[in-house]
Amino acid sequence: MRILAHIHTMNDRDVLEQLLQALQHQSRRPDAILIVDNASVDGTLDRTFPENVTIIRNLRNLGTSGTVRTGFAHAMEHGFDWVWIFDADSVPEPDALEKLLGFFENLPSAQQKKVCFLAGVPLSASGKVKEPPLNLERGRMRILPLASDANFTRCDCTLWSGSLFRVPAVVRIGLPSADYMLDVAEVEYGYRARQLGLISYVVHSAVIHHDVGRRPGVAEQIYRLGPISLRFVELAPPRCYYSVRNMLYFSLYQYKPRGIGPALRGIVRSFALTSNFAIRPMSHRRHLLACMRGIWDGVTSHMERRY
């Protein structure tokens, strides 16, 4: 059983080493490491790497989904059985891979053949679950709690980072769409897997730490007005654009059979994020414009456009 650890990077000089060390010190080490770099300019790759590390340098930013697509293609071409995906600022605990594989080996043979991915519990720097997994039944994107008596949670999608994908399942699903770039790509890919009857799991005993060594890309800002607390989402304008555009496109055009329910849910989510900045137009003008552009491109099905 050959396992490829995939790392996608973009200006990650300050955090890459901690992940490489964590992978090299796994109780069950990956057989090889692939770094797909999105045109870093901070010297991320200006160093010596271990012999088992392969580097692919992109001349332009292909986004997370573009690099994952590259990693999956590399794994298929070179005969790997699994691909373990990571952001550069994610760090698995030393026994994470061993526990993921142990969980898989304890599944009945019939269930093993249906597995799409196995994921570790994604913990933020504060020790909380960074983002819970989702169930995509009937397009509802239902959040699944991880606090239960079971040692796993069945799901359809979760974060790319920390997820161990079974290559035979990737062959069946096909490669991720590079046009999604950033957000919602995991949802789209998990939806395709669900349509094929594939099943994924979050394994509670395997832990992946996220945002190690830097601020998270998505955060909350709390404003207090006396007894009232207002919570706002904070993320960069490019992510505003892709979050809104991708959610609308997925809900309106990719989810099938098309229906008013999934479409409305996608519209509500997209406009909720936009309103988060619309009520702060002076301080978040670029964010608001990015959302509005994302709404237009999502509704008009322009997934080829970039921010």
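The values are calculated or read from the model by the stated rules, or taken from the named source; none is laboratory data. Because the structure is predicted, anything quoted here is derived from the model rather than measured. Methodologically, a virtual Cβ is constructed for each residue, glycine included, from the backbone with ideal geometry; neighbour enumeration extends over all protein chains shown.
Here are the numbers:
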quantity: Test result for S270, outside any helix (DSSP H, G or I), outside the structural domain of K113 (by TED's automatic domain parsing), of a type in the set (S, T, Y) and more than 30 Å from F152 (Cβ to Cβ); calculated: no
quantity: Within region 52-83, tally of residues that are surrounded by 18 or more Cβ atoms within 10 Å (Cβ to Cβ) and either acidic (D, E) or at positive phi (or both); calculated: 1
quantity: Flag for P176 being out of contact with any Lys or Arg (no Cβ under 8 Å at 6 or more places or on another chain) and in a loop (DSSP other than H, G, I, E, B); calculated: no
quantity: Close pairs from region 86-114: first free of Cβ contacts under 8 Å to residues at least 24 places away in the same chain and part of a loop (DSSP other than H, G, I, E, B), partner buried (at least 19 other Cβ atoms within 10 Å of the Cβ) and of a type in the set (A, V, I, L, M), Cβ under 8 Å, at least 6 apart; calculated: L107/V115
quantity: Check on S275, in contact (Cβ under 8 Å) with a residue 24 or more places away in the chain and small (G, A, S); calculated: no
quantity: Among (1) farther than 25 Å from Y180 by Cβ; (2) touching a residue at least 24 places away in the same chain (Cβ under 8 Å); (3) surrounded by 13 or more Cβ atoms within 10 Å (Cβ to Cβ), the one test that G43 misses; calculated: (3)
quantity: Yes/no for I7 being within 17 Å of S65 (Cα to Cα), buried (at least 21 other Cβ atoms within 10 Å of the Cβ), at pLDDT 95 or above and assigned by TED's automatic domain parsing to the domain that holds N61; calculated: yes
quantity: Subset of region 71-85 that is not small (G, A, S) and not in a helix (DSSP H, G or I) - its residue that is farthest from N58 (Cα to Cα); calculated: D81
quantity: Residue within region 165-179 that is at pLDDT 95 or above, under 19 Å from S90 (Cβ atoms) and aliphatic (A, V, I, L, M) present; calculated: no
quantity: Test: residue in region 125-140 that is under 26 Å from Q24 (Cα atoms) and in a strand (DSSP E or B); calculated: yes
quantity: Failed criterion for E137 (all others in (1) modelled with pLDDT under 95; (2) within 18 Å of the chain's Cα centre (by Cα) hold); calculated: (2)
quantity: Test: residue in region 85-97 that is surrounded by 14 or more Cβ atoms within 10 Å (Cβ to Cβ) and under 20 Å from L198 (Cα atoms); calculated: yes
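Conditions tested, residue by residue: (1) in contact (Cβ under 8 Å) with a residue 40 or more places away in the chain; (2) surrounded by 22 or more Cβ atoms within 10 Å (Cβ to Cβ).
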| position | (1), (2) |
| --- | --- |
| R172 | no, no |
| Y201 | yes, yes |
| A206 | yes, yes |
| V212 | yes, no |
| V233 | yes, no |
